[in-house]
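**Q** Sharing a structure with you now.
The values are calculated or read from the model by the stated rules, or taken from the named source; none is laboratory data. Small disclaimer: the values here were computed from a predicted structure and weren't measured. Every residue, glycine among them, receives a Cβ derived from its backbone with ideal geometry; neighbour counts consider all protein chains shown. SASA here: full protein model, heavy atoms, side chains in, ligands and nucleic acids out. Shrake-Rupley method; radii C 1.70, N 1.55, O 1.52, S 1.80 Å.
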Amino acid sequence: MAYDVEICTAHAVTSQATVTTGEQGVPLPKGFCFLVSRSDGSLVQPAFEFFADSHLTIDRNPKLACSKNTTAAVAADLTDFHHFLDARKKRVSDVDEQLLKAYADTLTDLDSAVTLEKFAAATIHRRWSTVTKLVAFCVKRGYLRKPPALLSKQTKRGTVQVLDVDVNLPGLNDADELITALHPETVVGVLDELGPNPVVERNGLVELALATTAQRLMAELCYHAGLRRSEVCDLHAITVLKTRTEGRDPLSAVAIPVVGKGNKKRNVPVPVWLLEALKCYAKGTRQALIDLRLRYRKLEDHGALFVLDVNDRRHAGSPITPQTFDRHFALARDRLLKRLSKEPDLARYESTQRERITIHALRHTFALYTYMEKRANGDMDAIKYVQSVLGHSLRETTESIYLRSANAFESETRESIRLHIEGQSFMQLSVAGGSA
């Protein structure tokens, strides 16, 4: 009776995977996600129909109607919901108002496997929205035995029908609650737990280290360029390798193209010293793992910059996913807290323990530090630069998220941030000649 589902992602080469309409089938576009049973590999219905209806264009050769990150997030949300149904020995057809209320209760009661804390309000609302859309779809298709009521709601896109189920979810009114910026010492600590520093100091000069980990470099991109975890995982090796950094000041920045939410492209400035470290990784560690993948699995180079460095030949050289990045980061956070708990000064341990140390917090930290640094240097419209780099379509989004919390955050950590920024600004780098 159990669903016991897992997520499958369609690729361009899997032409056997099709969406069936009547008697015809068409190939699924690359990046389309759906759920299958672990036991026999069969499609999970009606989740598959919901995915096809909401995520594919109506076309002879359908394409994704949203970004691949969105469809992956929806698939993860629905996987969680099917696991919830499994635990209660229920099917989708059994979903009614009481079962939905029970699911809403689990969202507010359970702890995140990544942060080990209660789910953030934004995560709860996203999961609830995903599940209610699936259920509303099932109500319209007549798949439920005791369907919850629907009501009409006006949106910017017109009138839509939504579930009429009253649940108590945490509020989203205070944007400041969604913002977490890390103390500079916390950033340094968690980065060091992820791997060796990509630069080392020798005779008063800083050079590229011989090697570091993919996870350290990924976190550096979140912290120094404000990238989202999915944007980091989606970076291609060729993007970095073709970037011209020769002869440039290591403390300057060169813009690289990034594809963000909604498949929106933007150019993001990345420090030259970090780009050099990425090139070193791409030519060294990554290439060796890709060669291993080609030798033993006869698979083509997928192009992703960051790949798994594991002993298992089945997975070595495979792209690092956001979920894998999350797990590595959570382990690094735990190691940092364990180390701090053994130090004589417990004050730092206690303050660090109160911080919400996540990958996305690195992006928030980048934004706040950048805003405060530019404002301190006389930029009267620093928020415009932050908006552009982060990829926010509306200025109001950046202002509502960051401006309101900047003053309070700056007052709490002003001295530490000042020393941190000065250290970044006045550090003289000498990049080793064979690194690029």
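**Q** Among the residues of region 307-325 satisfying the criterion of being touching a strand residue (DSSP E or B) at 6+ places or on another chain (Cβ under 9 Å) and β-branched (Val, Ile, Thr), which is farthest from THR70 (Cα to Cα)?
**A** Filtering region 307-325 down to residues touching a strand residue (DSSP E or B) at 6+ places or on another chain (Cβ under 9 Å) leaves 307-308, 316-320.
Remaining after also requiring β-branched (Val, Ile, Thr): 307, 320.
Details: VAL307: 22, ILE320: 18 Å.
Looking at residues that are touching a strand residue (DSSP E or B) at 6+ places or on another chain (Cβ under 9 Å) and β-branched (Val, Ile, Thr), I get VAL307.
**Q** Related question: Sort through THR365, THR352 and tell me the only one that's under 27 Å from SER252 (Cβ atoms), modelled with pLDDT of 75 or more and open to solvent by less than 20 Å² (accessible area, probe 1.4 Å). Give the derivation first.
**A** Working: THR352 fails: under 27 Å from SER252 (Cβ atoms).
On inspection, the qualifying residue turns out to be THR365.
**Q** Can you tell me which of ALA332, ALA316, ALA304 is crowded, with 20+ Cβ neighbours inside 10 Å and in contact (Cβ under 8 Å) with a residue 12 or more places away in the chain?
**A** Numbers: ALA316 fails: crowded, with 20+ Cβ neighbours inside 10 Å; ALA304 fails: crowded, with 20+ Cβ neighbours inside 10 Å.
One residue alone meets the criteria, ALA332.
**Q** Would you point out the residue of region 377-386, among those that are free of Cβ contacts under 8 Å to residues at least 12 places away in the same chain and of a type outside the set (D, E, K, R), that is least open to solvent (accessible area, probe 1.4 Å)? Don't jump to the end; show me each part of the working.
**A** To start, the set of residues in region 377-386 that are free of Cβ contacts under 8 Å to residues at least 12 places away in the same chain comprises 377-381, 384.
Now drop any that are not of a type outside the set (D, E, K, R), which leaves 377-378, 380.
On the way: ASN377: 124, GLY378: 48, MET380: 180 Å².
Residue satisfying both the conditions and the ranking: GLY378.
**Q** GLU220 - would you say it is buried (at least 22 other Cβ atoms within 10 Å of the Cβ) and either over 17 Å from the mean Cα position of the chain (by Cα) or among the charged types (D, E, K, R) (or both)? Break it down stepwise before answering.
**A** On the way: buried (at least 22 other Cβ atoms within 10 Å of the Cβ): yes; either over 17 Å from the mean Cα position of the chain (by Cα) or among the charged types (D, E, K, R) (or both): yes.
The answer is yes for GLU220.
**Q** Moving to a separate point now. Which of the residues spanning region 193-243 are modelled with pLDDT under 95, among the aliphatic types (A, V, I, L, M) and in contact with an Asp or Glu (Cβ under 8 Å, 6 or more places away or on another chain)?
**A** Passing the criteria: VAL199, VAL200, LEU208.
Let's see how each residue does on (1) more than 17 Å from ILE238 (Cβ to Cβ); (2) in a helix (DSSP H, G or I); (3) touching a helix residue (DSSP H, G or I) at 6+ places or on another chain (Cβ under 6 Å):
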{"position": "GLY284", "(1), (2), (3)": "no, yes, no"}
{"position": "GLN287", "(1), (2), (3)": "no, yes, no"}
{"position": "ASP291", "(1), (2), (3)": "no, yes, no"}
{"position": "LEU294", "(1), (2), (3)": "no, yes, no"}
{"position": "ASP301", "(1), (2), (3)": "no, no, yes"}
{"position": "VAL310", "(1), (2), (3)": "yes, no, no"}
{"position": "ARG313", "(1), (2), (3)": "yes, no, yes"}
{"position": "ALA316", "(1), (2), (3)": "yes, no, yes"}
{"position": "GLN323", "(1), (2), (3)": "yes, yes, no"}
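**Q** List every residue pair whose Cβ atoms sit under 7 Å apart, with the two residues 6 or more apart in sequence or on different chains, where the first one lies in region 123-143 and is closer than 13 Å to VAL162 by Cβ and the second, anywhere, is of a type in the set (S, T, N, Q) and open to solvent by 60 Å² or more (accessible area, probe 1.4 Å).
**A** ALA136/GLN161
**Q** I need a count of the residues in region 231-253 that are open to solvent by 20 Å² or more (accessible area, probe 1.4 Å) and of a type in the set (A, V, I, L, M).
**A** The number of residues fulfilling the criteria is 4.
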